[in-house]
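Reading through the structure tokens given below for one structure.
What follows draws every value from the coordinates through simple rules; no lab data is involved. Model, not experiment: these values are computed from the prediction. Neighbour counts are summed over all protein chains in view; Cβ atoms, including those assigned to glycine, are modelled from backbone coordinates with ideal geometry.
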């Protein structure tokens, strides 16, 4: 990832803590996939602690500041929510409204536009429903049918996997790395779709149960929420050829504009991964800023396309000033 070229800042510059959330839902009922999620009550308590420590600002106010317009409180915070999942409408949106707050909701356009379950989320459900040894054995069997002689281990850089997924068991870390960063996209998608059908049924039947609809997003936007982009197909951006990268970001922008109107929108990199080509593609597509998964405070006017975010599981450490610099945002 490119080094940030931040403007110089003084002790008087405001510090913005951007907090990142994904699933916010009650514990799984029997027979449901046990997704790694924050309970809504725990989310409400986090809002309480955050508001006691910092002023929670709107996404548009922060984007204004980064563009050189207006100022910020000395200690402020911004709420962001990735993946466009239904949790954000059912649980997060009402809680923010009750508190008079707004947040940034970063949406993948492929699922909601094309009624397609994304590989990332099929994988989350498989991880939540199967023991890791069973999951890996089944994946290897499917892989052997399509690529004889190959196994998941052929698509893993162990040291990188263990560093990136430091909070996981070894097998879960290796599996998650192979699926996200190692396997060819088409091969990964074929196998995950096959396995999802076996364990959870038709992926198309899950779309409306899993993702926000355009009507729900329009309602949230009309109520003051910021709806931004999170790619079209949720692939790791540095792995995409330049032409496909440009196509993905532009498609995301065009669909959001067609469905929700032309306005200033921010972006969140899929899996938090980006490079210089990613920054350029996001900027050229039309997005005003982009958020990463680098932990840390944003002091002063940081580069608009490299905004740091702290995972919600590390919020207490962030408020105490002991963020460890790592995140498990896209588990």
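When the Cα gyration tensor is reduced to axis lengths a ≥ b ≥ c, the ratio a/c is 1.5 or higher for the stretch 183-230, and with a/b not above b/c it is classed as oblate. Based on DSSP, what percent of beta bridges with both residues in the chain are antiparallel, to the nearest 5? Antiparallel bridges: around 10 percent, rounded to the nearest 5. A Förster distance of 22 Å, applied to the separation of the beta-carbon atoms of residue 90 and residue 114, puts the FRET efficiency at 0.50. Given axes a ≥ b ≥ c from the Cα gyration tensor, I'd like to know whether the stretch 185-294 is rounded (a/c under 1.5), prolate (a/b larger than b/c) or oblate. It is oblate, given that a/c is not under 1.5 and a/b is not larger than b/c. Helix 185-200 and the longest principal axis of the C-alpha atoms of the chain enclose an angle of approximately 80°. I'd like the orientation of helix 132-146 relative to the chain: the angle between its Cα long axis and the longest Cα principal axis, in ° from 0 to 90, rounded to 10. For helix 132-146, the angle is close to 60 degrees.
Can you tell me the length gained on complete extension of the stretch residue 171 to residue 146, counting 0.36 nm per residue apart and subtracting the Cα distance? So the extension gain works out to 6.8 nm. Among the listed options (1) 60, 41, 39; (2) 58, 47, 39; (3) 69, 42, 39, the one matching Cα extents along the principal axes in Å as calculated from these coordinates is (1).
The angle between the Cα long axis of helix 276-285 and the main principal axis of the chain comes to about 70°, on a 0 to 90 degree scale. With all pairs of different C-alpha atoms in the average, the Kirkwood value for the hydrodynamic radius of the stretch 102-210 is 14.8 Å.
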